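Chemist: For reference, the structure I am asking about is given below.
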Amino acid sequence: MTALQPVRGTRDLIGEDFRRMHHVAETARRISALYGFEEWATPIFEDTGVFARGLGDSSDVVMKEMYSFQDRGGDNVTLRPEGTAGVCRALVSNGLTQTNLPRKVFYAGPMFRYERPQKGRYRQFHQIGIEVLGSAEPLSDAEVIACGWHIQQALGIAEGTVLEINTLGDAESRDAYRAALVAYFSAHQDRLSHDSKIRLEKNPLRILDSKDEGDRVLVADAPVIGDHLTPAAAEFDRAVKAYLTRFGVPFRENPRIVRGLDYYSHTAFEFVTDRLGAQGTVMAGGRYNGLVEEMGGPATPSVGWAAGIERLSMLLPEAPAAARAVAVIPVGDAAEGPALDLLQALRRAGVVAEIAYRGNLKRRMERANRIGARAALILGDDEIAAGVAQLRDLDAGTQETVPLAEVPGRLS
Ligand code: ATP
Ligand code: MG
């Protein structure tokens, strides 16, 4: 029979690949907890409406990237392409929109988008993300960004990324800006890509985000939002940047960064790198003041970001090392029982310990070396009689006799 292969755009995470991904998620979990974020896990699939409403039907994701299907009961469901819509849906469905606001949520898990697979772009990928739900204060924007930056520092990758930030202003600013964009792009409509002609109708801001080369040439000379901000929106932007400076987070202003949906406002940002080729955005976020309402909840101003775990993993300076075991090696039948006791005593003391399921001393030593064990504990008849074990340091090649009761303490 032919061997089966994973589906295009999906990957098995084994060995170093798994450790990199796990290290990114664990680091983000630990650092976000320091900022008071609580982890939530929402379902991997939702009613399609959650994402159609959450992302807007003009977004690339909804137009062409969603894994949507009808289940056996006829319900239209979608494998989640991102995490924010589900978190907002959960806030509403669990009746959490009125109590303990702001809620600070962290999540991590797989996401699914039907995209052309390439380096740093997969059909099943993984994201970490944080959301502050229910705060309209510019300090929350800055704290969310500072937390993302702190995570990148803890991963040792902050030197290779740059924070680019923009403001989308409030509704009034954006209406004025949208009008200016429509006027500009309409005058050059014949040069727009097919997708951007649709965006011009549905959501002109999205054109600024287009990856089409021709569009990008036009975008370079397009009007900028800064010229259309109301005084209040300009003040919000100033406050966010002042807090970022206070937090010591360096940033660069980039007027081309947008989130194309109506409920996005004020802060929009991306952490970008030149170390991943075309897939240069590692973390992206912004303020979304209308999304919880889209989910049927009350007005709940919110801000957050999501980051691709694969892309962060690729930036790690080195792969986290695997834990190294201690190999317990009984010699002779009588030693097996005491060796198993010692094995479990080690594990209970927090020491990674392994025993080969069979084999003589030579075979077991070979296995210890193959799994990269840091030490071997050899127990024969003489050792059992004396209540000791031979402890061999497999890096140094030295060996000493250690009383059994002291072994776990010595190795933990
Ligand atoms: P891109 O411009 O790269 O398509 P995006 O704007 O679609 O990104 P977001 O929806 O903002 O991305 O998702 C946040 C982050 O998730 C991205 O910055 C990236 O790190 C990661 N990401 C998005 N899509 C993929 C994918 N298909 N494979 C791997 N990582 C992804
Ligand atoms: Mg995309």
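Chemist: When the residues of region 146-159 are filtered to those that are hydrophobic (A, V, I, L, M, F, W, C), part of a helix (DSSP H, G or I) and open to solvent by less than 20 Å² (accessible area, probe 1.4 Å), which remaining residue is farthest from ligand 1 (Cβ to nearest atom)?
Modeler: Of all residues in region 146-159, those hydrophobic (A, V, I, L, M, F, W, C) come to 146-147, 149, 151, 154-155, 157-158.
Of the ones still in play, those that are also part of a helix (DSSP H, G or I) are 146-147, 149, 151, 154, 158.
Subset that is open to solvent by less than 20 Å² (accessible area, probe 1.4 Å): 146-147, 151, 158.
Working: Ala146: 18, Cys147: 15, Ile151: 13, Ala158: 15 Å.
Looking at the filtered set, the residue picked out is Ala146.
Chemist: Further question: Sort out for me the strands (runs of 3 or more DSSP E) sitting completely within region 287-356 that have 3 or more residues that are assigned by TED's automatic domain parsing to the domain that holds Phe236, within 30 Å of Gly54 (Cβ to Cβ) and within 16 Å of ligand 1 (Cβ to nearest atom). Spell out how you get there, then give the answer.
Modeler: On the way: elements: 302-308, 326-330, 353-355.
Of the strands (runs of 3 or more DSSP E) lying wholly inside region 287-356, those with at least 3 residues that are assigned by TED's automatic domain parsing to the domain that holds Phe236, within 30 Å of Gly54 (Cβ to Cβ) and within 16 Å of ligand 1 (Cβ to nearest atom) span 302-308.
Chemist: Which of (1) away from ligand 1 (no atom under 16 Å from the Cβ); (2) closer than 18 Å to Gly56 by Cβ; (3) open to solvent by 40 Å² or more (accessible area, probe 1.4 Å) is the odd one out, the single condition Asp209 does not satisfy?
Modeler: Status for Asp209: all satisfied but (1).
Chemist: Taking Ala33 as the residue in question, decide whether it is of a type in the set (A, V, I, L, M, F, W, C), part of a helix (DSSP H, G or I) and exposed (fewer than 15 other Cβ atoms within 10 Å of the Cβ). Give the derivation first.
Modeler: Details: of a type in the set (A, V, I, L, M, F, W, C): yes; part of a helix (DSSP H, G or I): yes; exposed (fewer than 15 other Cβ atoms within 10 Å of the Cβ): yes.
The answer is yes for Ala33.
Chemist: Same structure again: Taking the options Gly304, Gly297, Gly280, name whichever one is open to solvent by less than 20 Å² (accessible area, probe 1.4 Å) and free of Cβ contacts under 8 Å to residues at least 60 places away in the same chain.
Modeler: Gly280
Chemist: Of all residues in region 220-233, which are of a type in the set (A, V, I, L, M, F, W, C) and over 15 Å from Ala268 (Cβ atoms)? If you could, list the steps in order and put the result at the bottom.
Modeler: If we filter region 220-233 for residues that are of a type in the set (A, V, I, L, M, F, W, C), which is where we start, we get 220, 222, 224-225, 229, 232-233.
Of everything in region 220-233, those that are of a type in the set (A, V, I, L, M, F, W, C) and over 15 Å from Ala268 (Cβ atoms) turn out to be Ala220, Ala222, Ala232.
Chemist: Further question: Here is a check on your reading of the model: is Gly290 open to solvent by less than 50 Å² (accessible area, probe 1.4 Å), free of Cβ contacts under 8 Å to residues at least 24 places away in the same chain and away from ligand 2 (no atom under 16 Å from the Cβ)? First the steps, then the outcome.
Modeler: Numbers: open to solvent by less than 50 Å² (accessible area, probe 1.4 Å): yes; free of Cβ contacts under 8 Å to residues at least 24 places away in the same chain: no; away from ligand 2 (no atom under 16 Å from the Cβ): yes.
Answer is no for this residue.
Chemist: For the list (1) without any contact (Cβ under 8 Å) to a residue 60 or more places away in the chain; (2) surrounded by 17 or more Cβ atoms within 10 Å (Cβ to Cβ); (3) within 16 Å of ligand 2 (Cβ to nearest atom); (4) not charged (D, E, K, R), I need the number of the one condition that Pro330 fails.
Modeler: For Pro330, the exception is condition (3).
Chemist: With the structure loaded, tell me whether Gln153 is without any contact (Cβ under 8 Å) to a residue 24 or more places away in the chain, polar (S, T, N, Q) and in contact with a Lys or Arg (Cβ under 7 Å, 6 or more places away or on another chain) or whether it fails that test.
Modeler: Working: without any contact (Cβ under 8 Å) to a residue 24 or more places away in the chain: yes; polar (S, T, N, Q): yes; in contact with a Lys or Arg (Cβ under 7 Å, 6 or more places away or on another chain): no.
Considered against the rule, which asks whether it is without any contact (Cβ under 8 Å) to a residue 24 or more places away in the chain, polar (S, T, N, Q) and in contact with a Lys or Arg (Cβ under 7 Å, 6 or more places away or on another chain), Gln153 comes out as no.
Chemist: For the condition open to solvent by 10 Å² or more (accessible area, probe 1.4 Å) and either free of Cβ contacts under 8 Å to residues at least 40 places away in the same chain or over 25 Å from the mean Cα position of the chain (by Cα) (or both), what is the one hit in Arg89, Arg113, Arg174, Arg121?
Modeler: Arg174
Chemist: Asp221: open to solvent by less than 90 Å² (accessible area, probe 1.4 Å), without any contact (Cβ under 8 Å) to a residue 40 or more places away in the chain and not assigned by TED's automatic domain parsing to the domain that holds Ala278, yes or no?
Modeler: Numbers: open to solvent by less than 90 Å² (accessible area, probe 1.4 Å): no; without any contact (Cβ under 8 Å) to a residue 40 or more places away in the chain: yes; not assigned by TED's automatic domain parsing to the domain that holds Ala278: yes.
Spelling it out, it is not the case that Asp221 is open to solvent by less than 90 Å² (accessible area, probe 1.4 Å), without any contact (Cβ under 8 Å) to a residue 40 or more places away in the chain and not assigned by TED's automatic domain parsing to the domain that holds Ala278.
Chemist: Separate question: Is it fair to say Thr99 is open to solvent by 40 Å² or more (accessible area, probe 1.4 Å) and β-branched (Val, Ile, Thr)?
Modeler: Spelling it out, Thr99 is indeed open to solvent by 40 Å² or more (accessible area, probe 1.4 Å) and β-branched (Val, Ile, Thr).
Chemist: Of all residues in region 194-205 being in contact with a helix residue (DSSP H, G or I) (Cβ under 9 Å, 6 or more places away or on another chain) and open to solvent by 40 Å² or more (accessible area, probe 1.4 Å), which is farthest from ligand 1 (Cβ to nearest atom)?
Modeler: That would be Lys197.
Chemist: Then there's this: Only one of these conditions is not met by Ala90: (1) within 16 Å of ligand 1 (Cβ to nearest atom); (2) touching a strand residue (DSSP E or B) at 6+ places or on another chain (Cβ under 9 Å); (3) small (Gly, Ala, Ser); (4) assigned by TED's automatic domain parsing to the domain that holds Pro301. Which number is it?
Modeler: Status for Ala90: all satisfied but (1).
Chemist: Considering only residues of region 337-359 that are farther than 10 Å from Ala325 by Cβ and touching a residue at least 24 places away in the same chain (Cβ under 8 Å), which is most open to solvent (accessible area, probe 1.4 Å)?
Modeler: Filtering first and then ranking leaves Arg348.
Chemist: Would it be correct to say that Ala373 is closer than 30 Å to Phe18 by Cα, part of a loop (DSSP other than H, G, I, E, B) and at pLDDT 95 or above?
Modeler: Judged against the criteria, Ala373 is a match.
Chemist: For Asp47, all conditions in the list (1) open to solvent by less than 100 Å² (accessible area, probe 1.4 Å); (2) touching a helix residue (DSSP H, G or I) at 6+ places or on another chain (Cβ under 8 Å); (3) within 19 Å of Val292 (Cα to Cα) hold save one; what is the number of the exception?
Modeler: Among (1) open to solvent by less than 100 Å² (accessible area, probe 1.4 Å); (2) touching a helix residue (DSSP H, G or I) at 6+ places or on another chain (Cβ under 8 Å); (3) within 19 Å of Val292 (Cα to Cα), the lone unmet condition for Asp47 is (2).
Chemist: Now, a different point. Of the residues that make up region 119-136, is at least one aromatic (Phe, Trp, Tyr), more than 22 Å from Pro301 (Cα to Cα) and in the same structural domain as Val240 (by TED's automatic domain parsing)? Full working, then the answer.
Modeler: Just the residues of region 119-136 that are aromatic (Phe, Trp, Tyr), to begin with: 122, 125.
Now narrow it down to the ones that are more than 22 Å from Pro301 (Cα to Cα): 122, 125.
After this cut, where a residue has to be in the same structural domain as Val240 (by TED's automatic domain parsing) as well, the list is 122, 125.
Scanning region 119-136, I find at least one residue that is aromatic (Phe, Trp, Tyr), more than 22 Å from Pro301 (Cα to Cα) and in the same structural domain as Val240 (by TED's automatic domain parsing), so the answer is yes.
The values are calculated or read from the model by the stated rules, or taken from the named source; none is laboratory data. A quick note: this is a predicted structure, and the numbers were derived from the prediction, not measured. Cβ coordinates were reconstructed from backbone atoms using ideal geometry, including for glycine residues, and neighbour counts include every protein chain displayed. The protein model used for the area step is the full one, side chains on, heavy atoms only, and it has no ligands, DNA or RNA in it. Shrake-Rupley method; radii C 1.70, N 1.55, O 1.52, S 1.80 Å.
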